[in-house]
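**Q** Take this structure first; my questions come after.
Bear in mind that the values in this text are calculations on the coordinates, not laboratory data. Note that the structure is a prediction, hence the values are computed from the model and not measured. Virtual Cβ from ideal backbone geometry, glycine too; neighbours counted across all protein chains shown.
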Amino acid sequence: MAAPSILFESHDGVTEITLNRPERLNSFNLEMHERLREALGEVKRRSDIRVVLLTGAGRGFCAGQDLADRVVAPGAEPIDLGYTLSTQYNPLIRTLQGLPKPVVCAVNGVAAGAGANIALACDIVIAARSASFVQAFCKIGLIPDSGGTYFLPRLVGRARALGLALLGDRLSAEDAERWGLIWKCVDDVALMDEARTLAGQFATGPTKGLAEIKRAISESPNNTLDAQLDLERDLQRELGCTEDYREGARAFMEKRAPNFKGR
Ligand code: T3D
């Protein structure tokens, strides 16, 4: 029996999802898209899951689309990549961004093509020192997709975004941290411990508050200051009614650690 393309494990409020096609550097085929969609659907539905940790099996994080599924015989009709984006990659990016729970991405090795941009769509990206990011699309005549043309200029500015996208060179994890593309680069042996510590912190955090932080930061680049101030007012009004806010304020005054329930 073939190994599952996605490993899914939940404990103590944390769900670890591992992309599991290591022989192809965890590149995506249709089956892996479907399994990942189901896994993220379960994360969204279950209130006991309060954070996702996404990583890859083997020496790579994800090499984007499995190009073995994209070889077209001479004279045959092209594959409609607009269709594959609208049915597979775009829903995945929207799900990661819209998930009302933090998504920690532990980039264990090379992240290329859509694989790089799936990592960038997560909320906190930690990479192993030996990992790298490659906007490989230009090497095969495509543009960065899966949000690449959205995230890159916003994260690193136009000059670096264009350099990465037009050249397709490898960016080391250290440079990715230095450029502000990711949160942190850590030693390879420390990667999963660091990622799990962070995930554990989020799993006992005020889940609704964390979700709204994610939303406010995501909406910010497209808002005026006025619109953003209004959004902050509306979200703070909602959060002021949560059990976790009550607990947070009370715990602060009682000089003890808060016991957040995610409600
Ligand atoms: O639906 C659509 O198609 C539209 C959406 C597109 C989204 C995309 O992601 S398009 C971009 C697709 N990805 C790429 O172009 C990346 C291709 N891979 C590479 O450039 C390199 O493999 C890496 C930079 C990622 C890593 O290089 P390296 O030297 O560390 O490893 P390698 O030797 O190139 O690869 C190891 C194996 O994985 C190798 O197989 P082998 O020779 O051991 O049997 C290689 O063919 C395989 N592999 C790597 N990436 C892919 C792949 N096989 C299929 N598809 C891949 N994307």
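**Q** Would you tally the net charge around Leu225, using a Cβ to Cβ cut-off of less than 13 Å, leaving Leu225 out, and scoring K and R as +1, D and E as -1?
**A** Neighbourhood net charge equals -3.
**Q** Work out, step by step, the length gained on full extension between Leu81 and Ala249: first 0.36 nm times the residue separation, then minus their alpha carbon distance; give nm to one decimal.
**A** 55.5 nm
**Q** I've got another one for you. For Val107, which sequence-distant residues (separation of 5 or more, or a different chain) have an amide H within less than 5 Å of its own amide H, given hydrogens modelled in the peptide plane?
**A** Ile126, Ala127, Ala128
**Q** Still on this structure: In nanometres, what is the gap between the two model label sites at Leu155 and Arg70, each 7 Å from Cα along Cα-to-Cβ?
**A** Simple spin-label model gives 1.9 nm for this pair.
**Q** So for each of 237-247, 134-144, 119-129, 216-226 I average, over its residues, the number of other beta carbons within 10 Å; can you give me the resulting order with the highest mean first?
**A** 119-129, 134-144, 237-247, 216-226
**Q** Run lengths n ≥ 4 of DSSP H only: what is the helix-derived mean residue ellipticity at 222 nm for the chain, with -39500 (n - 2.57) per run over all residues, to the nearest 500?
**A** -13000 deg cm²/dmol
**Q** Express in nm, to one decimal, how much length is gained between Arg215 and Lys261 on full extension, taking 0.36 nm for each residue of separation and deducting their alpha carbon distance.
**A** Length difference between fully extended and current span is 14.6 nm.
**Q** Using R₀ = 22 Å, calculate the FRET efficiency as 1/(1 + (r/R₀)^6) where r is the Cβ-Cβ separation of Glu194 and Glu174; round to 0.05.
**A** 0.90
**Q** If you take every DSSP beta bridge whose two residues both sit in the chain, what share of them, in percent to the nearest 5, is antiparallel?
**A** Just about 30 percent of them are antiparallel.
**Q** Could you tell me whether segment 91-142 comes out rounded, prolate or oblate from its Cα gyration tensor? Rule is a ≥ b ≥ c as square roots of the eigenvalues, rounded for a/c under 1.5, then prolate if a/b exceeds b/c, otherwise oblate.
**A** On the way: a/c = 4.04, a/b = 1.28, b/c = 3.15.
Verdict is oblate for segment 91-142.
**Q** Rounded to whole Å, give me the distance from the Cα center of segment 35-76 to that of segment 214-230.
**A** 29
**Q** Sketch the reach of a paramagnetic label on Leu7 as a point 7 Å from Cα along Cα-to-Cβ, and name the residues of segment 183-217 whose backbone nitrogen lies under 17 Å away.
**A** So the set is 189-197.
**Q** Applying 1/(1 + (r/R0)^6) with R0 = 51 Å to the Cβ-Cβ distance of Leu231 and Glu23, what FRET efficiency is obtained, to the nearest 0.05?
**A** The calculated FRET efficiency here is 0.70.
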